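I have placed the structure first, in the form of structure tokens, so that the comments after it can refer back to it.
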Amino acid sequence: MLLNHSFVTTHTGGSTPILAIPETAPRAISESNIVTRINTNPLRSRDDMINLLFDILIPLGIGQSEGGARVVLGHSGAGFDPVAAELEGYARALWGLGPLLASEPDHPRFRSTKAAWVRGLVNGTDPDHEEYWGDCGNRDQRLVEQAAIVHHSRRNSADSSR
């Protein structure tokens with residue numbers, strides 16, 4: 001199930017806003033449950049790595065925009081524009097998601113996630129879509145994020161039906 005940004009809430013732990021999973025979310029994705037699963041994952045096997053990726057993507061899915069092209073995880077100290085920061089939230093997940101989907105495009109745990117990230121790629125690169133990432137300028141963060149996008153796209157383009 002893809003969760004979207006309407007579930008994002010913030011609360012303060014000291015003075016720093018953090019992403020909090022709402023109490024209305026299913027117990028299987030509670031914040032403490034995710035943290036516990038990540039902290040206790042032995043990271044010894046491929047399945048362990050897949051479980052880690054799945055757990056990391058849960059809060060990203062919560063912060064993902066309706067069109068899928070942006071991920072908002074709270075306030076950022078980044079020195080670039082908000083659209084580039086939201087693109088960064090989207091693109092960084094591709095470093096894990098891209099290789100998994102290239103090797104196992106129909107992995108059952110990632111079907112809705114795959115659809116959301118593909119939708120995000122289409123919308124983020126469409127100049128006529130409201131979630132378009134924008135044109136790149138000099139010293140632009142969008143240039144950095146292109147590496148993940150190109151890598152993911154190339155790994156998964158051998159079979160366009162994926």
Some residue of segment 85-98 being among the acidic types (Asp, Glu) and within 16 Å of Glu131 (Cα to Cα): yes
Residues being touching a residue at least 12 places away in the same chain (Cβ under 8 Å) and aliphatic (A, V, I, L, M) - total across segment 38-48: 1
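Among the residues of segment 134-143 satisfying the criterion of being surrounded by fewer than 16 Cβ atoms within 10 Å (Cβ to Cβ) and touching a residue at least 12 places away in the same chain (Cβ under 8 Å), which is farthest from Leu87 (Cα to Cα)?
Asp140
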Every residue from segment 77-120 that is surrounded by 18 or more Cβ atoms within 10 Å (Cβ to Cβ), touching a residue at least 60 places away in the same chain (Cβ under 8 Å) and either farther than 12 Å from Arg142 by Cβ or of a type in the set (Asp, Glu) (or both): Leu101, Thr113, Ala116
Condition broken by Ile56, with the remaining ones in (1) farther than 30 Å from Arg139 by Cα; (2) touching a helix residue (DSSP H, G or I) at 6+ places or on another chain (Cβ under 9 Å); (3) without any contact (Cβ under 8 Å) to a residue 60 or more places away in the chain satisfied: (1)
Residue among His75, His129, His107, His151 that alone is touching a strand residue (DSSP E or B) at 6+ places or on another chain (Cβ under 6 Å) and not small (Gly, Ala, Ser): His75
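What about Val122, is it closer than 17 Å to Leu60 by Cβ, modelled with pLDDT of 90 or more, among the aliphatic types (A, V, I, L, M) and not in a loop (DSSP other than H, G, I, E, B)?
no
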Within segment 83-119, tally of residues that are under 9 Å from the mean Cα position of the chain (by Cα) and within 14 Å of Ser153 (Cα to Cα): 7
Gly67 modelled with pLDDT of 95 or more and under 19 Å from Ile149 (Cα atoms): yes
Every residue from segment 143-162 that is more than 22 Å from Ile62 (Cα to Cα) and at pLDDT 90 or above: Leu143, Val144, Gln146
Filter result for Ile50 (surrounded by fewer than 20 Cβ atoms within 10 Å (Cβ to Cβ), at pLDDT 90 or above, within 13 Å of the chain's Cα centre (by Cα) and not small (Gly, Ala, Ser)): no
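The values are calculated or read from the model by the stated rules, or taken from the named source; none is laboratory data. Since we're looking at a predicted model, the values are computed, not measured. As a convention, Cβ positions derive from the backbone with ideal geometry for all residues, glycine included, and neighbour counts pool all protein chains shown.
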